[in-house]
Amino acid sequence: MKKNLLRFFFLVYFLWINISFSFSQNVVLKYLPANKDSVITYVKSASEKTIRGCDKKYKDEVKKIISERRGNFIKDIEDSTYIFDDDISRYLKSILNEIYTSNPTIDSKDFYFFLDKSTIPNAACYGDGIFTLNLGLFNFVDNDDELAYIFCHEIAHFALAHNQKNLLSRIEKLQSKDTKKEIRKVNNQTYGKRKLYAELVEKLSYNFSKRNRSSEVQADSLGFIFFGKTKFNKSSSVSALKKLEVSDSIVFNENARIKEHFNFENYPFKENWLLKDEPLFDVKDTSNDYSLDKDSLKTHPDMSFRIAILSKMMADKKEAMSSATDKLKVIKRFVGLAIISNSINEKRLDLALYYTLVLFDKKEIDERTYCLLVGQLLQKVYELKANHTFGRYVTQISPFSDEENLNQVKRFLHNTELKNIRKIGLNFCEKYQEPMKNDIDFKKTTLFFNKLNIN
């Protein structure tokens, strides 16, 4: 496994074909399973099984919702939302097998774990044997043990049938006489309908979230029982939740150290490259560019409350924290490059640069890959700005955004002018000229910036 993944690292480079940002990449990512038809058949049968097992009273409503979800999931598979990688699958199965072997009561024969390419740190149970694990989660876990507890937590949701129970609870609430009465009351209003609808939705959402909180605490407790029977470090259950608590507030939790990466002896970093634009209005509230994605983490509410309960459960089981295994280190490097590749494919230069800088600082990508990526990203930024198409690849910063680490990268890219980019690019290439002297692709990038800087 390690040999194949290391070969992957050295193959990651980008051939810049034209200004439409078309990349030809030797990034070995499979977005469709080799057995696609059987996987889709599995998804269909899993959803049918859920429909057959539901309460007959609401069978039509459940069938409609589950069928729609099944269609969306299959579409996601066909639209390359998931990554199918044999090495990662073997790694995850090694952790899952320990959980299953230690907990023979878990009926795992119909389980299937999908790897979502999303950078948001999250995992989910769909209630029908289908689970998803996001690539972004690998940036938050430090060892196999933390990942194992997250698996145990999601498997506990399945064992407790939370998905089905919560679905029926929502349908019952929406179909109740009281809710229908409130909807009719809103519909009969002549003025202020939008506000009344918003208030009703907020009220219903609050009721659902209260039930959700109870489900999460139950899954923590049963998950810890599953986890406690394994060989994994019990303290990792709490550390896993603490990491997810951080991700509730910010997704991009690492400082990219823009100043350190782009400060050169012959061209010092300029503070105005990171200046914030003054908002037109006095904005005090903050939100997040990734709020819609981060709502998925809100299925894990009240993290501090849950951490306190779990800490009491393991008060007499504290152990020294485990370190990352060699397998996890290799997987994290693979995942890092996959996230950078996905960012480029999705035309997000800010994300690509952010992850390149952070992962290099964490020693999760090597110097050659770092030099190739940064050099060619700077070249692409220059080309896009010169052709006035830069805005398609780096969005403006929302005045409400609280993702300061990513926003620093955005400000740097927005605030640097063509005259700055050509000098930054040249000085970067000169800084790494010696270690990259035999790399043909890096020489091409260096030649590009040399030509721009000819007086």
Amide H to amide H, which residues 5 or more places from F114 or on other chains are under 5 Å from it, using H placed in the peptide plane?
F131, T132, L133
Probe 1.4 Å - accessible area at D402, Å² to nearest ten
50 Å²
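Give me the percent of the accessible area of the stretch 387-455 that comes from carbon and sulfur atoms, probe 1.4 Å, all protein chains in place.
Details: 1850 of 3750 Å².
On the stretch 387-455, the fraction of accessible area on carbon and sulfur atoms equals 49 percent.
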Whole-Hz ³J(HN,Hα) from phi, Karplus 6.51 cos²θ - 1.76 cosθ + 1.60, for the stretch 258-266, glycine and proline x
3, 4, 5, 6, 10, 10, 10, 4, 8
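Residues of the stretch 81-138: accessible area per residue at 1.4 Å, in Å²?
Numbers: 1980 Å² over 58 residues.
Averaged over the residues of the stretch 81-138, the accessible area is 34 Å².
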Scoring only Lys, Arg, Asp and Glu (+1, +1, -1, -1) among other residues with Cβ under 13 Å from the Cβ of E434 yields +1
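Which of K75/K410; K93/K234; K362/K419; K30/K234; K49/K93 have a Cα-Cα distance over 29 Å?
K75/K410; K362/K419; K30/K234
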Residues whose built amide H sits under 5 Å from the amide H of I365, excluding neighbours closer than 5 in sequence, are F360
Whole-Å distance, taken between Cα centres, linking the stretch 41-55 and the stretch 102-144
19 Å
Applying a 10 Å radius around every beta-carbon, put 231-238, 127-134, 431-438, 79-86 in order of their mean neighbour count, most first.
127-134, 231-238, 79-86, 431-438
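The values are calculated or read from the model by the stated rules, or taken from the named source; none is laboratory data. Values in this document were obtained by computation on a predicted structure and should not be read as measured data. Methodologically, a virtual Cβ is constructed for each residue, glycine included, from the backbone with ideal geometry; neighbour enumeration extends over all protein chains shown. The protein model used for the area step is the full one, side chains on, heavy atoms only, and it has no ligands, DNA or RNA in it. Shrake-Rupley method; radii C 1.70, N 1.55, O 1.52, S 1.80 Å.
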